[in-house]
Amino acid sequence: MTPPASDHFNGKTFFNPGGRAERSLLDVLRWQLTSRRTRWPDWVDIAPQPPPAPPSRPGGMTATWINQATFLLQTAQHTLLTDPIFSARCSPVGWAGPRRVHAPGVAFAALPKIDTVLLSHDHYDHCDFPSLQRLARAHQPLFVAPLGHRELLASAGATRIVELDWWQSHALAPDLTVTLTPARHWSRRGPGGTNLRLWGGFYLQTAARRVWFAGDSGYDEALFRDIGRRCGAPDLALIPIGAYEPRWFMSPAHLNPEEAVRVHRDTGARRSLAMHWGTFQLTDEAREAPLRALELARTAAGLRDGEFHAPAPGESVSI
């Protein structure tokens with residue numbers, strides 16, 4: 001069913017109220033012809049970790065970074081995955097496209113029973129079809145996504161699907177609610193399909209804690225301040241820091257680390273974890289550049305130790 005027209009949907013496609021974030025094919029060509037891409041390592045050895053036990057305290061939550069924008073989120077009674085990708089490549093085909101340079105921090109086979117999958121948008125590094133198929137077969141979770149994703153998810157084998165518009169909420173469990181928050185981004189999985197599906201982040205609330213998963217976004221101070229004002233300051237924010245160079249091309253849709261620190265402050269987050277770096281080489285910066293830039297941005301902003309942390313794959317944080 002086609003949603004009604006709104007301030008971000010014109011009856012056919014979705015858009016950002018503050019201006020375009022998508023890039024044209026001419027922009028892509030210009031980037032490829034002028035790119036000064038820093039070579040990444042072929043492989044980085046990590047030790048995948050077993051998933052932690054769920055928190056025993058009612059209302060608490062544990063977040064485990066697996067890779068890219070994939071987090072395992074656990075409450076005492078509910079387990080979620082964000083933007084799951086366990087494949088060797090983020091690509092429409094298995095034999096080409098960006099290849100991962102480290103193993104997932106938690107192996108797919110080691111996952112606990114997944115109750116809910118949160119999908120922020122349809123780009124291949126966030127919406128990995130083989131991973132969605134595996135989850136649908138092995139766990140039969142509820143899939144929650146922005147408007148326009150139902151057909152795609154159903155084709156992956158999902159049988160329980162909830163689509164949300166910006167600011168809409170859904171009760172996942174008696175003690176857990178999710179709200180789709182706006183983001184400044186875009187969508188496309190193939191030629192001619194630009195912005196047919198909405199994008200966003202997810203704000204999770206238990207009786208005691210608030211966790212916000214930002215998804216992918218360019219910087220928009222008013223947007224992020226509005227999220228903090230309408231939903232409340234997150235106890236934990238999960239914010240992207242990578243895939244940002246060159247800025248002329250990436251800034252409308254991807255934060256750099258300095259902007260990520262601003263988002264942390266704009267939303268009033270008490271603590272933030274970095275994501276969306278170091279797994280797939282999508283842009284021009286070096287693999288470790290986001291970590292160095294985040295350290296500089298934290299220092300410049302006067303953040304306390306541990307206030308904005310870049311976890312290692314498989315590392316867990318409890319709130």
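Residue count for the range 262-280 satisfying the condition of being more than 16 Å from the chain's Cα centre (by Cα) and of a type outside the set (Asp, Glu): 7.
Among all residues of the range 61-77, there is none that is over 22 Å from residue 149 (Cβ atoms), touching a helix residue (DSSP H, G or I) at 6+ places or on another chain (Cβ under 7 Å) and either of a type in the set (Asp, Glu) or surrounded by 17 or more Cβ atoms within 10 Å (Cβ to Cβ) (or both). Search the range 102-118 for residues being part of a helix (DSSP H, G or I) and over 19 Å from the mean Cα position of the chain (by Cα), and hand back the single one that is surrounded by the fewest Cβ atoms within 10 Å (Cβ to Cβ). In this case the residue turns out to be 109. Among the residues of the range 90-147, those identified as in contact (Cβ under 8 Å) with a residue 40 or more places away in the chain and charged (D, E, K, R) are 99, 100, 115, 122, 125, 128, 134.
For the range 148-204, the set of residues classified as touching a Gly at 6+ places or on another chain (Cβ under 8 Å), of a type outside the set (A, V, I, L, M, F, W, C) and at pLDDT 95 or above consists of 163, 181, 182, 184, 185, 187, 197, 200, 201, listed by residue number. State yes or no: is residue 183 part of a loop (DSSP other than H, G, I, E, B) and of a type in the set (Gly, Ala, Ser)? The answer is yes for residue 183. Of all residues in the range 197-225, those satisfying the criterion of being surrounded by fewer than 19 Cβ atoms within 10 Å (Cβ to Cβ) and either closer than 18 Å to residue 14 by Cβ or of a type in the set (A, V, I, L, M) (or both) are 207, 208, 222.
Looking across the range 20-58, just one residue is closer than 21 Å to residue 122 by Cα, in a loop (DSSP other than H, G, I, E, B) and more than 21 Å from the chain's Cα centre (by Cα), and that is 24.
The values are calculated or read from the model by the stated rules, or taken from the named source; none is laboratory data. Given the structure is predicted, the values throughout are model-derived calculations rather than measurements. Cβ: placed from backbone, ideal geometry, glycine included. Neighbour counts: every protein chain shown.
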